[in-house]
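To start, the structure under review is shown below, and the notes come after it.
The values are calculated or read from the model by the stated rules, or taken from the named source; none is laboratory data. These figures come from a predicted structure and were not determined experimentally. Heads up, the Cβs are rebuilt from the backbone with ideal geometry, glycines too, and the neighbour counts pull from every protein chain shown. Calculation scope for accessible area: heavy atoms of the full protein, side chains included, ligands and nucleic acids excluded. Shrake-Rupley method; radii C 1.70, N 1.55, O 1.52, S 1.80 Å.
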Amino acid sequence: MNSRQTALSTDDYLDLYLLAKETKDETWQQETLAALKTQQNRSFEEKQSALVQEIWEDFKQLNEDISFTYRLIQKEPTNEQFQTKLRHLRERRITLSRELYLAKKQYVEHTQ
């Protein structure tokens, strides 16, 4: 489901809620709110799952780049460009690790 469809669904739920409120049907109001909350939770979980997957893919590619750079350094240990590139890749891996940790933490907190 794309974000445009989600936004329309959210608008539809809000319209239904207002209609239920207008007709003073409290049961319908509560059912509509529950359905909206479920939809929003599902949307958040899908986004977080996609984010975690994207970070993992970046992390895997980064590890491959680090491995390749190590091999280059073994062939030319005095090449400063390779050393600098390796430092940059290691810093990026630390950043990705933090992003992954935070994304997983947000997902767990949201699902509890």
Query raised in the report: For A35, which of the numbered conditions (1) surrounded by fewer than 13 Cβ atoms within 10 Å (Cβ to Cβ); (2) free of Cβ contacts under 8 Å to residues at least 40 places away in the same chain fails to hold?
Result: (1)
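Residue-by-condition table, conditions (1) within 12 Å of the chain's Cα centre (by Cα); (2) under 30 Å from Y13 (Cα atoms):
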residue	(1), (2)
N41	no, yes
K47	yes, yes
Y70	no, no
T78	no, no
L96	no, no
Report task. With respect to E54, determine if the residue is farther than 30 Å from D11 by Cα, modelled with pLDDT under 95, part of a helix (DSSP H, G or I) and open to solvent by 70 Å² or more (accessible area, probe 1.4 Å). Result -> no
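For every residue, the table says whether it meets (1) surrounded by 13 or more Cβ atoms within 10 Å (Cβ to Cβ); (2) aromatic (F, W, Y); (3) in a helix (DSSP H, G or I).
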| site | (1), (2), (3) |
| --- | --- |
| T10 | yes, no, yes |
| Y17 | yes, yes, yes |
| A20 | yes, no, yes |
| Q40 | yes, no, yes |
| E46 | no, no, yes |
| Q61 | no, no, yes |
| T78 | no, no, no |
| F82 | yes, yes, yes |
| E99 | yes, no, yes |
Report summary line: Condition set assigned to a helix (DSSP H, G or I) and among the hydroxyl-bearing types (S, T, Y), scope segment 22-32, selection most open to solvent (accessible area, probe 1.4 Å): answer is T27
